Amino acid sequence: MKIAGLLSGTSLDGIDVAVCDVVAHGDGVRVNCRCFATVPFDETLRARILAAYPPAPVGALELSALHAAIGEAFGDAIRTVAGDTPLDAAASHGVTLAHDGAAHHTLQLGDAFRIRERIGATVVYDFRSADTAAGGTGAPLVPFVDALLFGEYAPCVALNLGGIANLTVLPDGIAFDSGPANLPIDTYVALRSGGEQRYDRGGDLARGGIVNDVLLGRMLDDPYFGRTPPKTTGREEFGAPFVARWRGELDALMFADAVATLTALTVRSVADAARAVAPSATTLIVSGGGARNMALVDGLRAELRAVRVAVSDEFGVDADAKEAIAFAVLGYTTLRGRAAGLPRVTGASGPRVLGAIAPHDLAALLELAHREEGGSAPARGEAESP
């Protein structure tokens with residue numbers, strides 16, 4: 001089945017689209033990523049999204065308009081990346097505008113029916129709500145796919161460094177958000193540079209700075225780091241409110257030193273979490289935008305000297321594309337009627353089939369999924385990238 005997986009992560013740096021061939025393969029799937037790209041947001045739309053994040057007092061009309069506009073942007077992004085390639089389906093995570101795992105509610109924007117209008121195919125969407133309705137945190141969602149992609153390398157930890165850092169411990173299946181990844185770094189860099197820079201490209205700023213250990217220690221006292229899984233976090237915790245809390249002390253440092261300190265916060269919180277939950281892991285497999293930040297990757301290597309820290313590219317999975325690939329797999333799993341919610345990860349009362357469906361010739365699509373169920377399949381799961 002040809003499925004486009006797409007999302008815009010916490011960093012809001014664009015719309016990630018991975019066009020994948022996904023087929024049943026034993027108890028899991030085989031996925032081949034045919035093409036991947038990040039399509040930048042229109043600047044006006046991006047500004048509107050940023051202005052709508054809590055605690056902004058945004059009205060219902062603006063939320064409705066944003067839902068429509070994001071759906072149109074997502075549909076256009078698929079067409080840009082897929083070109084004339086016919087798709088069986090798309091799996092859209094949308095833009096998470098609000099998420100409170102502890103209170104079991106979540107909101108992703110991006111009208112699936114507007115996506116459907118632009119691609120002429122079924123769209124699977126709203127992947128978190130089934131889990132939160134069952135008493136779960138609704139995140140992280142990717143551990144189900146991590147087990148398919150990286151299970152053969154266990155004992156290992158699959159780490160995604162997006163705006164937030166999330167870990168999956170294999171083969172145990174423990175997974176949670178350890179805390180910040182790029183989000184506070186990006187937020188602060190944009191503020192301090194007056195918008196001239198949006199992120200620390202390659203980690204160059206951090207690598208030229210000196211960590212302020214006193215400030216770092218105070219940041220690491222944040223209560224989130226002491227909570228036990230299941231736990232999930234996001235922009236509300238480690239985005240603009242977090243940076244605002246520490247802005248004065250960060251501004252008192254040289255720019256590079258402030259960025260180095262925020263980078264060290266990510267490195268230390270990830271390393272502490274990995275040591276606590278995966279003491280026997282021999283490999284840490286890094287994906288997400290943070291895998292291109294060498295200050296983060298080298299920092300993890302220095303903190304976890306007994307562990308091989310490697311970017312997921314080395315394991316056949318494009319680090320930039322991993323989460324978009326994951327949603328293609330989650331969408332396929334929904335269409336097969338298989339549960340992808342993991343109660344051990346989210347605390348839900350049981351496993352749930354995730355995702356709602358905006359149907360387009362759904363009978364034929366489900367028949368295709370059913371036929372693929374009967375295919376020969378000896379292995380658990382594997383992935384290839386372009």
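Axis angle, to the nearest 10 degrees, between helix 362-373 and the longest C-alpha principal axis of the chain: 80 degrees. Using the rule -39500 (n - 2.57) for each DSSP H run of four or more residues, divided by the residues of the chain, the 222 nm mean residue ellipticity is -12000 deg cm²/dmol. Between the Cα long axis of helix 240-251 and the first principal axis of the chain there is an angle of about 30°, rounded to the nearest 10. Taking the average, over residues, of other Cβ atoms within 10 Å as the packing measure, peptides 49-56, 293-300 rank 293-300, 49-56 from highest down.
Take each peptide in 217-227, 125-135, 257-267, 9-19, count the other Cβ atoms within 10 Å of every residue, and average; sorted highest first, the result is 257-267, 9-19, 125-135, 217-227. All C-alpha pair distances within segment 185-322, sorted into 10 Å bins from zero, spread as 11, 40, 38, 11, 0 percent across the bins.
Of the trypsin sites (Lys or Arg not before Pro) found in segment 286-327, those in coil by DSSP whose Cβ has at most 14 other Cβ atoms within 10 Å are ARG305. Value of Rg to Rh for the chain, rounded to two decimals, is 0.95; Kirkwood radius and Rg both from alpha-carbon coordinates.
Take 117-124, 91-98, 153-160, 247-254 and order them by the average number of nearby Cβ atoms within 10 Å per residue, most first; the result is 91-98, 153-160, 117-124, 247-254.
Comparing GLU196, GLU367, GLU237 in a Gaussian network model of the chain (Cα springs below 10 Å), the most mobile by mean-square fluctuation is GLU196. Value of Rg to Rh for segment 57-142, rounded to two decimals, is 1.02; Kirkwood radius and Rg both from alpha-carbon coordinates.
Values quoted throughout were computed directly from the atomic coordinates according to the rules given, and no laboratory measurement underlies them. The structure presented is a predicted model; accordingly, all values stated were derived computationally and were not measured. Cβ atoms come from the backbone with ideal geometry, glycine included; neighbour counts cover every protein chain shown.
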